[in-house]
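One structure is given below, encoded as structure tokens.
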Amino acid sequence: MSYRLDLHSLDDLAARLPFHLDSSAEVNEAYSIYLRSPSPEAARLVDLWTYCFIRRYYLIKFLKEHSFQAGELESVVEQTYRKVEKGRMLLKQNDRYAQWVSVVCKNNFINFVTRRSLVTTVDDVELLDDLDVLQSEEAESSEWSDLEVDAGILYVALARAIEKLPSFLRNVTRMRFVEQLSYEEIGRMTGLSVATVRAYIHKACTRFREDPGLGAFKSWYR
């Protein structure tokens with residue numbers, strides 16, 4: 001998949017808008033009109049701008065990071081679009097829709113990268129399988145509350161859970177989940193066999209499932 005070609009095609013799609021993708025004032029006005037009179041035409045205009053803006057945001061990010069996969073692009077674009085679609089009616093400042101969408105993109109990308117670094121598989125155990133976040137600047141002013149889970153909160157809960165582990169599990173688990181080291185690297189650093197490292201991580205995952213601090217995240221690991 002060529003992200004540059006995709007960007008070019010996206011430009012053609014965005015050209016159907018009566019304003020530039022970065023024309024925040026005009027975008028906000030279009031959104032205000034949509035709220036006052038939610039006609040199909042007004043809805044299509046808002047949806048088209050939203051999709052184009054979100055997709056362009058991630059295309060640029062993926063162009064800069066070659067380790068990301070094309071399938072991940074489609075997934076994170078759709079996820080972010082659904083978040084915006086779900087949450088925008090709760091936005092109290094209708095004149096800041098464009099800025100809010102930008103913040104949702106930024107924070108969802110941060111959570112995408114965080115989730116990507118935290119997710120790990122231990123044999124058949126997948127921990128933190130699907131972290132789904134909706135976060136924006138409005139959360140800081142209490143306009144958003146408990147809508148979704150922040151990856152930062154997850155990270156803190158995980159760190160606390162690691163501290164509760166028996167001492168013989170703690171260091172190995174931290175190396176795996178926090179430092180993202182491979183089993184082989186952990187084995188070399190600790191002098192343990194790879195099989196022992198795997199067994200220790202499996203024990204840690206089992207304890208995580210019973211940890212009250214990680215209870216809120218049960219829907220994200222199985």
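Residue-wise test of (1) within 30 Å of Ala204 (Cβ to Cβ); (2) exposed (fewer than 13 other Cβ atoms within 10 Å of the Cβ); (3) out of contact with any Leu (no Cβ under 9 Å at 6 or more places or on another chain).
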residue: Ala15; (1), (2), (3): no, yes, yes
residue: Thr50; (1), (2), (3): no, no, yes
residue: Tyr57; (1), (2), (3): no, no, yes
residue: Phe68; (1), (2), (3): yes, no, yes
residue: Glu78; (1), (2), (3): no, no, yes
residue: Arg82; (1), (2), (3): no, yes, yes
residue: Val103; (1), (2), (3): no, no, yes
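When Gly87 is evaluated against the numbered criteria (1) of a type in the set (Gly, Ala, Ser); (2) modelled with pLDDT of 90 or more; (3) buried (at least 16 other Cβ atoms within 10 Å of the Cβ), which criterion, by number, is the only one it fails?
(2)
List every residue pair whose Cβ atoms lie under 8 Å apart, where the two residues are 6 or more positions apart in sequence or sit on different chains, the first residue falls within segment 201-222 and is of a type in the set (Ser, Thr, Tyr), and the second residue, located anywhere, is crowded, with 17+ Cβ neighbours inside 10 Å and at pLDDT 70 or above.
As it stands, the answer is Tyr221/Phe208, since those pairs meet every condition given.
When segment 60-106 is examined, which residues are found to be more than 24 Å from Tyr31 (Cα to Cα) and part of a helix (DSSP H, G or I)?
Residues satisfying the conditions are Ile60, Lys61, Phe62, Leu63, Lys64, Ala70, Gly71, Glu72, Leu73, Glu74, Ser75.
Condition check ((1) in contact with a Ser or Thr (Cβ under 9 Å, 6 or more places away or on another chain); (2) more than 19 Å from Val113 (Cα to Cα)) across all residues:
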residue: Glu29; (1), (2): no, yes
residue: Tyr34; (1), (2): no, yes
residue: Ala43; (1), (2): no, yes
residue: Asp47; (1), (2): no, yes
residue: Leu59; (1), (2): no, no
residue: Leu63; (1), (2): no, no
residue: His66; (1), (2): no, no
residue: Gln79; (1), (2): no, no
residue: Trp100; (1), (2): yes, yes
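Among the listed residues Ala139, Ala159, Ala199, which satisfies the condition of being modelled with pLDDT of 90 or more, in a helix (DSSP H, G or I) and not assigned by TED's automatic domain parsing to the domain that holds Val104?
Ala199
The rows are residues; the columns are (1) among the basic types (Lys, Arg); (2) within 23 Å of the chain's Cα centre (by Cα).
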| site | (1), (2) |
| --- | --- |
| Val27 | no, no |
| Ala30 | no, no |
| Arg36 | yes, no |
| Ser39 | no, no |
| Arg44 | yes, no |
| Thr50 | no, yes |
| Phe53 | no, yes |
| Phe62 | no, yes |
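Cβ-Cβ below 8 Å, separation at least six or inter-chain, first residue in segment 53-79 and in the same structural domain as Asp6 (by TED's automatic domain parsing) and modelled with pLDDT of 85 or more, second surrounded by 12 or more Cβ atoms within 10 Å (Cβ to Cβ) and not in a helix (DSSP H, G or I): which pairs?
Phe53/Leu21; Arg56/Leu21; Lys61/Phe68; Phe62/Phe68; Gln79/Asp132
Given the residues Ala42, Ala25, which is the only one that is in contact with a helix residue (DSSP H, G or I) (Cβ under 7 Å, 6 or more places away or on another chain) and either under 19 Å from Glu74 (Cβ atoms) or in a helix (DSSP H, G or I) (or both)?
The unique qualifying residue is Ala42.
The values are calculated or read from the model by the stated rules, or taken from the named source; none is laboratory data. Worth saying up front: this structure is predicted, and the values here are computed from it rather than measured. Cβ sites come from the backbone with ideal geometry, for glycine too, and all protein chains shown count toward neighbours.
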